[in-house]
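So the structure is just underneath, and the comments pick up after that.
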Amino acid sequence: MKNSSDFAALHAYLCADGYVCRNPPSQKQVYYRLGLRNTNETLLLDFQNKFEKFFGKKPHISKPIDRCEICSKDIYFYIINKYGSFKSREWNVLTDMDKERAKLWLRAFFDCESWIWVRKAKNRAIGVDSVNHKGLKQVAELLKEHFEINTSIRPRSNRDTATLCIYGKDQLIKFEEEIGFLHPFKKSRLREAIETYVTYEWDFSNGIKSIIYNKAVIRSKYVVYFNSIIKKNLKTVKNELTKYSIRSNLLDAVNGQGRKYYILNVYGKVNIDKLINQKLLSDKQIKKIKRLRSNS
């Protein structure tokens, strides 16, 4: 038995989709079985590899690729006597783990048990359903203690299960960076969930021209404006325009739903001509201004 980090992952696999069982007393045939039930080959191979490295014995992956199992009386009693039951309602999170072992425990557990909800502009979450309410609380405490990841746990109506959820872009990014998934689909699904969040802060790394090309609206022949729910965006544009001696006016506004936003107006022939002459507007934007002027 070598690497305790390997066992941390094995323990989580057994808590999640695993089993540690023996024959009932009424049955004549004696057996001691340990294994992982899962249809994802990546997880089965990871369980198999870690089990062999830790215990020195290689469990077998079934032909249908739906489980990885070994029969061993010695390993059965070692695990049961030291760590207790792994039944659905009775498992407990492994104790006294450092951050590295906690990461591997959580990754294996979430690889097996979690689902990822992606509803753009509405809701994104990593969730786990379990009948083991005490176990879910221990998972939440482990996430908070080592990774500062916040969770919520709610009992399901008309069911014996509870649901643990991780919400919010920052929390999902933290989970991805600190823990992550081995499960290929869940890994890509989490990335998809994170990418659906709209970024309201403007990126000025490519200069003011890029912002004007993409954000400026031509209202009339002598008015160009910008709008944003973040005032800082428009303050930065205003400061950049002053470098070209272009004056602008920053205003507070409220939309029809009562939500506050901000408008930055560049107005007057002198200021609009400066935008054109300094080549701060795109060809398309300049053509629209000239067309408006010719039609007046």
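With the condition being surrounded by 18 or more Cβ atoms within 10 Å (Cβ to Cβ), I'd like the strands (runs of 3 or more DSSP E) fully within the stretch 138-257 carrying at least 2 qualifying residues. Give the derivation first.
Working: elements: 152-155, 162-167, 217-220, 223-228, 249-254.
Result: 162-167, 223-228.
Can you confirm whether Asp129 is in contact with a Ser or Thr (Cβ under 8 Å, 6 or more places away or on another chain), at negative phi and modelled with pLDDT of 95 or more?
Details: in contact with a Ser or Thr (Cβ under 8 Å, 6 or more places away or on another chain): yes; at negative phi: yes; modelled with pLDDT of 95 or more: yes.
Yes; evaluated as a whole, the condition is true for this residue.
Hey, can you tell me all the residues within the stretch 40-58 that are without any contact (Cβ under 8 Å) to a residue 40 or more places away in the chain, over 14 Å from Phe7 (Cβ atoms) and outside any helix (DSSP H, G or I)?
Lys58
Taking the options Lys87, Lys103, Lys53, name whichever one is farther than 21 Å from Val128 by Cα and either out of contact with any Gly (no Cβ under 6 Å at 6 or more places or on another chain) or at pLDDT 95 or above (or both). Even if it seems obvious, please write down each step before you answer.
Details: Lys87 fails: farther than 21 Å from Val128 by Cα; Lys103 fails: farther than 21 Å from Val128 by Cα.
Exactly one of Lys87, Lys103, Lys53 is farther than 21 Å from Val128 by Cα and either out of contact with any Gly (no Cβ under 6 Å at 6 or more places or on another chain) or at pLDDT 95 or above (or both), namely Lys53.
Among the residues of the stretch 115-126, how many are buried (at least 23 other Cβ atoms within 10 Å of the Cβ) and either modelled with pLDDT of 95 or more or not assigned by TED's automatic domain parsing to the domain that holds Asn150 (or both)? It would help to see each step written out before you state the result.
Our first condition is that a residue be buried (at least 23 other Cβ atoms within 10 Å of the Cβ); within the stretch 115-126, this holds for 124, 126.
The next check asks that each one be either modelled with pLDDT of 95 or more or not assigned by TED's automatic domain parsing to the domain that holds Asn150 (or both); those that pass are 126.
Residues meeting the conditions: 1.
If you scan the stretch 257-284, which residues turn out to be at pLDDT below 95, under 37 Å from the mean Cα position of the chain (by Cα) and within 18 Å of Thr236 (Cβ to Cβ)?
Once the filter is applied, which keeps residues that are at pLDDT below 95, under 37 Å from the mean Cα position of the chain (by Cα) and within 18 Å of Thr236 (Cβ to Cβ), the stretch 257-284 yields only Tyr261.
Can you tell me which residue is nearest to His183 (Cα to Cα) among those in the stretch 4-29 that are in a helix (DSSP H, G or I) and of a type in the set (Phe, Trp, Tyr)?
Step one: of the stretch 4-29, the residues in a helix (DSSP H, G or I) are 4-16.
Among the residues that remain, those that are also of a type in the set (Phe, Trp, Tyr) are: 7, 13.
Working: Phe7: 19, Tyr13: 13 Å.
Here the answer is Tyr13.
For every residue, the table says whether it meets (1) farther than 30 Å from Lys269 by Cα; (2) modelled with pLDDT of 95 or more; (3) out of contact with any His (no Cβ under 8 Å at 6 or more places or on another chain).
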site	(1), (2), (3)
Ile166	yes, yes, yes
Phe185	yes, yes, yes
Leu190	yes, yes, yes
Asp203	no, no, yes
Ile208	no, no, yes
Tyr213	no, no, yes
Asn233	no, yes, yes
Thr236	no, yes, yes
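The values are calculated or read from the model by the stated rules, or taken from the named source; none is laboratory data. Everything numeric here is computed off the predicted structure, so don't read it as measured data. For neighbour counting, all protein chains shown are included, and Cβ atoms are generated from backbone atoms with ideal geometry for every residue, glycine included.
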